[in-house]
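To keep things clear, I will list the structure first and then write my remarks on it.
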Amino acid sequence: MVNIRKAAMIGCGFVGSSSAFALMQSGIFSEMVMIDVNREKAEGEAMDIAHGLPFARPIRLYAGTYDDIVDAAIIIITAGANQKPDETRLDLIHKNVEIYKTIIPEIAKRNCEGMLLIVSNPVDILTYTALKLSGFPEDRVLGSGTVLDTARLKYLIGEHLKVDNRSVHAFIIGEHGDSELAAWSNANVSGVRLDAFCEMRGHYFHEESEDKIYEEVKNSAYEIIQRKQATYYGIAMAVKRICECIIRNEQSILPVSSMMHGIYGMEDVVISMPAIVGKDGVEAVVPIELDEEEQEQLKKSATLLKELNTMIKTEHGVK
Ligand SMILES: NC(=O)c1ccc[n+]([C@@H]2O[C@H](COP(=O)([O-])OP(=O)(O)OC[C@H]3O[C@@H](n4cnc5c(N)ncnc54)[C@H](O)[C@@H]3O)[C@@H](O)[C@H]2O)c1
């Protein structure tokens, strides 16, 4: 039986340990097992994070094995290679699909009933891989998708307009990667169309500003990796937010990546669209309105991912 208060973190590098740290502080879980192919790394991170517990809420935090994940409500996977400077997320595909071929069967053979939250990159392809290799129902396998990219977008719009970014409603959708797009046509600040809000704040060059902000969002990871080799705090907060939505059954709308069936003609592809996320994972994908150009961009992004899904089936035997 699933223990709704238990999480498993597979992969305890920068992203796994930062996410575990964020989760520890959140109080969402009362038990978390940390697993890494490098057992000492998992042990060290669990010890270090646990030493902050007297300043937080109780959680049993330990390094463990796959036998410890059986009753976890959410199994978060951050294991795998990360981007090096000048590498794209898609460059990681071969290494990380092979790593997933060792991890997912370990989960599947233990008949876990929890949810899989995929974070490793390329996240859309690995979520598809995890879905296929686990045999889990589709609503129980989701990827962090463009939740982080959307947070970056909101942050930058908030800075540009000098308004609380939580009042900004805008999404990055599509691949979590270079073919992602900003759904500008439905962006708004508390119900006021973005263009109108910009003008209210003295900004009139909409296209120029949108291009600049979009490029900054898309290139954030490259810029950060250039400076500090990895990105992890932003994604850690995104992981925490997704877990919170599931465990508290918030039914919030987050652009996680999940399997598509028909929205904007997308079929059998895992990609990010806003979705209602609650205790049963992805409850429904929300078909936000997109203009023609955005629909075209989304289609391109989905086509690229579909081609890569075909490639991992033929080259890596993911069935
Ligand atoms: N989805 C997102 O928005 C997002 C954001 C940042 C990073 N990432 C991705 O997260 C992943 C991890 O990044 P990182 O910076 O933490 O890398 P890292 O190298 O610091 O950590 C990866 C960890 O995975 C472990 N690992 C490797 N193979 C394993 C296996 N078979 N079983 C268990 N553990 C294994 C390694 O020992 C290491 O500790 C990368 O793929 C990165 O691109 C995703």
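Readers should treat all values here as calculations from the given coordinates under stated rules, not as data from a laboratory. Treat the numbers as computed from the prediction; the structure is a model and nothing was measured. So basically every Cβ, Gly included, is an ideal-geometry build from the backbone, and we count neighbours across all protein chains shown.
A few comments on the model shown:
- In the frame of its principal axes, the range 158-250 has Cα extents of 37, 36, 24 Å, reported largest first.
- Take every pair of alpha-carbon atoms less than 8 Å apart whose residues are at least six positions apart; their mean separation over the length of the range 146-316 yields a relative contact order of 22 percent.
- For the range 230-286 and the range 104-127, distance of Cα centres in Å: 14
- Once C-alpha pairs closer than 8 Å and six or more residues apart are averaged by separation and normalised to the residue number of the range 104-230, the relative contact order reads 18 percent.
- Axis of helix 123-134 versus longest Cα principal axis of the chain: the two differ by about 40°, to the nearest ten degrees.
- Equivalent-ellipsoid semi-axes of the range 200-252, from the Cα gyration tensor, Å, largest first: 28, 21, 7
- Pairs from 41/212; 240/299; 228/279; 228/319 whose Cα-Cα separation, in the structure shown, is over 32 Å: 41/212; 228/279; 228/319
- Placed amide H near residue 145: partners under 5 Å, 5+ positions off or other chain: 257
- Cubic angstrom per residue, convex hull over Cα atoms of the range 3-143: 99
- With the gyration tensor restricted to C-alpha atoms of the chain, the semi-axes of the equivalent ellipsoid amount to 31, 23, 18 Å, longest first.
- Coordinate range of the alpha-carbon atoms in the range 76-230 per principal axis, descending: 58, 33, 21 Å.
- Computed on the chain, with alpha-carbon pairs under 8 angstrom and 6+ residues apart, the relative contact order is 18 percent.
- If the Kirkwood radius is taken over C-alpha pairs of the range 214-319, then at 4 °C and 1.567 mPa s the Stokes-Einstein diffusion coefficient equals 82 µm²/s.
- Placing dummy labels 7 Å off each Cα toward the beta-carbon, the span from residue 207 to residue 263 is 2.9 nm.
- Within the chain, the longest run free of chymotrypsin sites (Phe, Trp or Tyr not before Pro) that sit in a DSSP loop with at most 12 other Cβ atoms within 10 Å is 1-203.
- Order of 305, 53, 156 under a 10 Å beta carbon neighbour criterion, fewest first: 53, 156, 305
- When the chain is treated as a GNM with alpha-carbon contacts under 10 Å, the residue of 104, 172, 77 showing the greatest mean-square fluctuation is 104.
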